[in-house]
Structure formats: C-alpha cells, structure tokens
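The values are calculated or read from the model by the stated rules, or taken from the named source; none is laboratory data. Treat the numbers as computed from the prediction; the structure is a model and nothing was measured. Note that we place each Cβ from the backbone using ideal geometry, even for glycine, and neighbour counts take in every protein chain shown.
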Amino acid sequence: MRHALRNARTKTAREQLTPSEIRRLERLMDLDPSEVQINENQGHWLQSHAYLGGDGRGGQINVGKDTPPSVLAHEMGHLTHGRSRLETALAELSTALTPLAATIPSLIAMQSAHDSDWSRAAPYLGGALIAPKLLTEGLASYRGLTALNEVRPDVSMLPAILAQLTYPVTLASTSILAPVLVTGMKAQKAQRQAVAAKKAPPKESR
C-alpha cells in the first residue's frame, strides 16, 4: 500500500493539482500521506467513493476518470470520519440506515391505514434514517473544500456542490416523498369509495 501511495494519483489530480498540493491537502486535513491511497477507475467521477481507514487519518479513495479536484477533496474529507467515536458511529449508521430509508417508510405507509399514526410517522422516520448520511456528506464537503480553498482558491467548488445536491434530492424522494404519496393515494381511494358508497342505491329489505 505504501509504495503505491505516491504513484496512485488521479489523472485529473496530476493535471490540475501538483503532488505538493495534494500533500498540502492531506496535511490540512490531518491525513497521513503514507496511509492514503487514491486509485483511478474508468467510471464516471460521480461514482467516486472513499473507504475509511481505522484511525481517521487514511484510507482508500476510488475516483472516476477526470475527477474534478473539488470532488477529490470531498472524498478525502470522508477519510477524516474515524477520528472520534461519534463520527465513527455516524459513518456506520449512515452505511447501515441509508439502504433502509428507501424501503421501510414506504412499506409502513403501504401496510397502514391512510389516517393511522403509522402512516403519519413514516415520512419522519424516512428523514431520521437519511440524517446520518446527509451529516457525513456535509462534514466531508466542509473539511475537503475548506482545505482545497486554502491550497487552490482558483479551483471551482461547483462540481462537488452539484454532486452533493444529488443526495438530499434522491434520498428525500425515496424516503420522505414516497410514503407521503402512498398515503395520499390511499386517502384518495378511501374517499372515492366513501363517495361511491353514498351514491349506491340502498339495498331492498326482504
């Protein structure tokens, strides 16, 4: 791992950030250069991902082709999450709860009456499930982009900002909006059934 560290730099980092600038980023975020590995793959830079090390001072970053420096800095910010028990727990919760947020709230809404407490609580549960993910992403962006602004204030932060906007939009749609829509459709169905029942002719008594 250590021998690959100085050589495993992204194409974009070589073009837009010098090795010394990358080392400055690492120092500003209190990362250990000997424990940071950055690998380039053939995917899109929106698929970039960071894997934490044990102590919050290193780890592995997989970045896509032509990854903008701001996105690289954001992923480097993710490597800082293991420095305290709170941040470690937050990162673990993010990994564990985010997949559940896309299914559990909607399932609750589908299986519950439209006017029940469960249906009303489902969107709030969805918001709680995605909160750790949004917090970890925000913290990574703050640390990474703050450091990048010190090293290269001329570099655009827009790619990282736009990439991060996909999280609240996507997660809120699946975990908050979806159960609201399910409950709304069930309420409309119940209302139509009630109207139809009122319009139906009374049954003749025998």
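Taking Val36 as the residue in question, decide whether it is surrounded by 19 or more Cβ atoms within 10 Å (Cβ to Cβ) and without any contact (Cβ under 8 Å) to a residue 60 or more places away in the chain. Please lay out each step first, then the result.
Values: surrounded by 19 or more Cβ atoms within 10 Å (Cβ to Cβ): yes; without any contact (Cβ under 8 Å) to a residue 60 or more places away in the chain: yes.
Yes; evaluated as a whole, the condition is true for this residue.
Do you know which residues across the range 113-146 are of a type outside the set (Val, Ile, Thr) and under 30 Å from Glu21 (Cβ atoms)?
Lys133, Leu134, Leu135, Glu137, Gly138, Leu139, Ala140, Ser141, Tyr142, Arg143, Gly144, Leu145
Let's see how each residue does on (1) closer than 30 Å to Ile104 by Cα; (2) not in a helix (DSSP H, G or I):
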residue	(1), (2)
Ser141	yes, no
Thr146	no, no
Glu150	no, no
Ser156	no, yes
Leu165	yes, no
Ile176	yes, no
Val182	yes, no
Lys186	yes, no
Gln193	yes, no
Cβ-Cβ below 7 Å, separation at least six or inter-chain, first residue in the range 154-168 and farther than 16 Å from Val63 by Cα and touching a residue at least 40 places away in the same chain (Cβ under 8 Å), second crowded, with 18+ Cβ neighbours inside 10 Å and not polar (S, T, N, Q): which pairs?
-> Val155/Pro69; Val155/Leu148; Met157/Leu145
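Filter the range 46-63 down to the residues that are under 15 Å from Pro159 (Cβ atoms) and in contact with a strand residue (DSSP E or B) (Cβ under 7 Å, 6 or more places away or on another chain) and list them by number. Show your work before the answer.
Step one: filter the range 46-63 for residues under 15 Å from Pro159 (Cβ atoms), giving 46-48, 63.
Answer for the range 46-63, where residues must be under 15 Å from Pro159 (Cβ atoms) and in contact with a strand residue (DSSP E or B) (Cβ under 7 Å, 6 or more places away or on another chain): Ser48, Val63.
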Residue ID - nearest to Arg27 (Cα to Cα), chosen from residues in the range 105-119 that are in contact (Cβ under 8 Å) with a residue 40 or more places away in the chain and in a helix (DSSP H, G or I) | Pro105
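Name the one entry in Glu92, Glu75, Glu87 that is modelled with pLDDT of 85 or more, part of a helix (DSSP H, G or I), under 23 Å from Pro168 (Cβ atoms) and in contact with a strand residue (DSSP E or B) (Cβ under 6 Å, 6 or more places away or on another chain).
Values: Glu92 fails: in contact with a strand residue (DSSP E or B) (Cβ under 6 Å, 6 or more places away or on another chain); Glu87 fails: in contact with a strand residue (DSSP E or B) (Cβ under 6 Å, 6 or more places away or on another chain).
Within the list Glu92, Glu75, Glu87, the selection yields Glu75.
If we scan the range 27-42, do we find a residue that is assigned to a helix (DSSP H, G or I) and modelled with pLDDT of 90 or more? It would help to see each step written out before you state the result.
Narrowing the range 27-42 to residues assigned to a helix (DSSP H, G or I): 27-28, 33-35.
Adding the requirement that they be modelled with pLDDT of 90 or more leaves 27-28.
Yes, because at least one residue in the range 27-42 is assigned to a helix (DSSP H, G or I) and modelled with pLDDT of 90 or more.
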Restricting the first residue to the range 68-90 and requiring it to be touching a residue at least 60 places away in the same chain (Cβ under 8 Å), which pairs with a second residue that is surrounded by fewer than 24 Cβ atoms within 10 Å (Cβ to Cβ) and of a type in the set (Phe, Trp, Tyr) meet a Cβ separation below 6 Å and a spacing of at least six or different chains?
-> Val71/Trp45
